[in-house]
Amino acid sequence: MGFLYMIGFIVSLALALVMTPLVKKFAFKIGAIDKPNHRKVHTRIMPRLGGLAIYIAFVGAFLAVSPFIPDGLLRPRDVNMINALLVGGTIIIIIGALDDRFELSAKVKLIGQIAAACVVVFGFDVHIDLVNIPFGESMQPIAEWIGIPLTIFWIVGVTNAINLIDGLDGLAAGVSGISIATIVAMATIMGFQPVILLSTLLLGGIIGFLVFNFHPAKIFMGDSGSLFLGFSLATLSMLGFKQVAIVSFVTPLLIIGVPLSDTFFAIVRRWVNKQPIFAPDRGHLHHRLRDLGFSHRRTVLIIWGVAAIFGVLAIVQSAVVQSSAANWITFAVICLLMFFLQIGAELTGIVDKTRRPLINFLARIGLLRIAKVDTQQSRGK
């Protein structure tokens, strides 16, 4: 199986390298382009639709290796999950491609995302039915009337979270790639072969596309890419809810920690400023880092680094969850994340550029004197 994963990764990578330039030409031909405006950082017309290349690489590689999958490796439930990802992903890629060309309304895109999620849940009976809650029983079943809407909410939420961070060259693709690599590592620990296979194929397509998408980008992934990657991440990361006594409730949240936290702070920021929740703005993490003076590439690399930290925490969490200290480790991870997320939000001004309650409190008690000086200097400027 290790050899099969390697071959699948290489095939997916090669297909992405070949297909991305062709998709770029196709995007220009049909008018799937992104024009500069006040919210965007690029200054010239760019082709979108790059997600189509990732999708073709992923599906093409799967079709290439599927005849060589050993008999008996995939259980009926595994086959359902694979089919759910392929069929639901196809619906998502169509919605995203249409948006890249015609700029669909947010309502139409949301309906398409819900339809894809419903295909996963009702068409292939893939939904959350077991959950491991810290300081509770090792694994607790949940009723369908809770599990089904929770699954749909999870898929739609993660899909949109990836879409929201797609604001700089290589940002969404890189963060998604790190999250997928995290899932590969976790699935390897669990020995969950179907997820290893699917994630490896998807990772190959992402890396191949990043060759053309990293700054300065030659093509954007567009909504076709961000929605497809978000949908794939949501579906694959649900393994964190489904594997008995393997991972806790917080592990899937860590996998997508960067887009999830950015989405959370965006909602808080718009609520504080009395703006519509779905109104676009320039307050996302990548916007704030750019406003603080970081270059395009450095901003992307910083966020990649944060995503990697979340990934390592997710892997550690999944590896220790069966130990006697698992609940305390989970509690410690949550507390540390809450603390550093708040510090990071105040330093970057992702919610409010002027209010820094935690930093000011730590400065008053003498734990962050440097932060206090920095705050005064920034106000002086």
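The values are calculated or read from the model by the stated rules, or taken from the named source; none is laboratory data. In this text, all values refer to a predicted model and were calculated from it rather than measured experimentally. Neighbour counts are summed over all protein chains in view; Cβ atoms, including those assigned to glycine, are modelled from backbone coordinates with ideal geometry. Just the protein is used for accessible areas: all its heavy atoms, side chains included, with ligands, DNA and RNA removed. Shrake-Rupley method; radii C 1.70, N 1.55, O 1.52, S 1.80 Å.
Taking residue 85 as the residue in question, decide whether it is closer than 30 Å to residue 279 by Cα and either modelled with pLDDT of 95 or more or open to solvent by less than 40 Å² (accessible area, probe 1.4 Å) (or both). When the stated conditions are applied, residue 85 passes them.
The set of residues in region 264-280 that are under 15 Å from residue 348 (Cβ atoms) and either of a type in the set (Ser, Thr, Tyr) or open to solvent by less than 20 Å² (accessible area, probe 1.4 Å) (or both) comprises 266, 269. Residues of region 42-55 that are modelled with pLDDT under 85 and of a type in the set (D, E, K, R): 44 alone.
I'd like to know if region 208-215 contains one or more residues that are modelled with pLDDT under 90 and out of contact with any strand residue (DSSP E or B) (no Cβ under 8 Å at 6 or more places or on another chain). Taking every residue of region 208-215 in turn, at least one turns out to be modelled with pLDDT under 90 and out of contact with any strand residue (DSSP E or B) (no Cβ under 8 Å at 6 or more places or on another chain).
Would you confirm, using the coordinates I've provided, whether residue 89 is part of a loop (DSSP other than H, G, I, E, B) and more than 30 Å from residue 291 (Cα to Cα)?
no
Taking the numbered list (1) closer than 22 Å to residue 313 by Cβ; (2) open to solvent by less than 10 Å² (accessible area, probe 1.4 Å) in turn, residue 188 passes all entries but (2).
Where residues in region 88-115 are among the aliphatic types (A, V, I, L, M) and in contact with a Leu (Cβ under 8 Å, 6 or more places away or on another chain), which of them is most open to solvent (accessible area, probe 1.4 Å)? Going through the qualifying residues, I end up with 98.
What is the residue count in region 183-229 for residues that are touching a Lys or Arg at 6+ places or on another chain (Cβ under 6 Å) and not in a loop (DSSP other than H, G, I, E, B)?
Counting residues in region 183-229 that are touching a Lys or Arg at 6+ places or on another chain (Cβ under 6 Å) and not in a loop (DSSP other than H, G, I, E, B) gives 2.
Taken together, the residues in region 56-81 that are at pLDDT below 90 and in a helix (DSSP H, G or I) amount to 6.
Residues of region 92-110 that are out of contact with any helix residue (DSSP H, G or I) (no Cβ under 8 Å at 6 or more places or on another chain), among the charged types (D, E, K, R) and assigned to a helix (DSSP H, G or I): 107 alone.
Answer yes if at least one residue in region 31-41 is open to solvent by less than 40 Å² (accessible area, probe 1.4 Å), at pLDDT 95 or above and more than 21 Å from the chain's Cα centre (by Cα), and no otherwise. Checked region 31-41: no residue is open to solvent by less than 40 Å² (accessible area, probe 1.4 Å), at pLDDT 95 or above and more than 21 Å from the chain's Cα centre (by Cα). Go through region 316-340 and report how many residues are modelled with pLDDT under 85, open to solvent by 50 Å² or more (accessible area, probe 1.4 Å) and in a helix (DSSP H, G or I). So the answer is 11. Pairs meeting the criteria (first residue in region 152-169 and under 16 Å from residue 221 (Cβ atoms) and without any contact (Cβ under 8 Å) to a residue 12 or more places away in the chain, second residue open to solvent by 30 Å² or more (accessible area, probe 1.4 Å) and part of a loop (DSSP other than H, G, I, E, B), beta carbons under 8 Å, at least 6 apart or on different chains) are lacking. Scanning region 166-181 for residues being in a helix (DSSP H, G or I) and either within 11 Å of the chain's Cα centre (by Cα) or at positive phi (or both) gives a total of 10.
Looking only at residues of region 343-372 that are in a helix (DSSP H, G or I) and open to solvent by 70 Å² or more (accessible area, probe 1.4 Å), we find that the one that is modelled with the lowest pLDDT is 372.
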